[in-house]
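Before any comments, here is the structure.
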């Protein structure tokens, strides 16, 4: 079955582009603030490298590089691969683990609030026929709940000390499952050879600017935040900071 590509080259509203771009830069800012709690120089490096990566993705998307749908391997690998390799390196190397063990779990938890504007953007993109319904809260994607509960969890876990590490781990596992669910649906509804879902209204947004920043930066940042928290909580961290 061939995907419906009639909306691939349709422009999205400027207000939506600006809103989503602001969400991406909010994610950069929140990640910067997380790292700044550990090292100002490290935070500066994270900020600069993040902005460079966003610029690279923007340039490639602007040149329609990701719209070459029959390329083998799919060009989307260049969006997902580098950040996932970086996260893997941080999680498995001694130097990486030493660094991430210093990051404040409170800030990492609060970072998940960015999922609220992300989900609002996805719903607007669905209205403009850029993503399928299954990627929205109307279609069964309830990832917005992770974003809405993140500040509550952060407050009661770290300020009031009324959420135990065990419950914080449980919340992280649920929220991680939620984001992995939508990532799977998003990939399987993208008009590449491996598409399995939503042929009538495929996910064409994430191969265009600025929405390529969702799989290329926002989602990896969310996954990184969960991975750090889960790893430390499973190891028995008791100090919620």
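Between residue 45 and residue 231, what FRET efficiency follows from the Cβ-Cβ distance if R0 is 22 Å, with the result rounded to 0.05?
Numbers: r = 22 Å, r/R0 = 1.00.
My answer for the efficiency is 0.50.
With R₀ set to 51 Å, the beta-carbon distance separating residue 38 from residue 199 gives a calculated FRET efficiency near 0.65.
Packing, taken as the mean count of other beta carbons within 10 Å per residue, orders the peptides 38-48, 128-138 from highest to lowest as 128-138, 38-48. In the chain, helices alone account for a calculated mean residue ellipticity at 222 nm of -19000 deg cm²/dmol, with every DSSP H run of four or more residues adding -39,500 (n - 2.57).
Residue ranges 13-19, 24-30 sort as 24-30, 13-19 when ordered by packing (mean number of other C-beta atoms within 10 Å per residue, highest first).
Between the entries (1) -0.30, -0.47, -0.91; (2) -0.49, -0.72, -1.01; (3) -0.37, -0.55, -0.92, the label attached to log10 I(q)/I(0) by the Debye sum over Cα atoms at q = 0.08, 0.10, 0.14 Å⁻¹ calculated for this structure is (1). Between residue 29 and residue 101, what's the calculated FRET efficiency when r is the beta-carbon distance and R0 is 35 Å? Round to 0.05. The computed FRET efficiency comes out at 0.95. Helix 77-92 axis versus longest C-alpha principal axis of the chain: approximately 10°, rounded to the nearest ten. At full extension, residue 63 and residue 145 could sit 26.0 nm farther apart than now, given 0.36 nm per residue minus the alpha carbon distance.
No value in this document is a laboratory result; all are computed from the given coordinates. These numbers come from a predicted model, not from an experiment. Cβ: placed from backbone, ideal geometry, glycine included. Neighbour counts: every protein chain shown.
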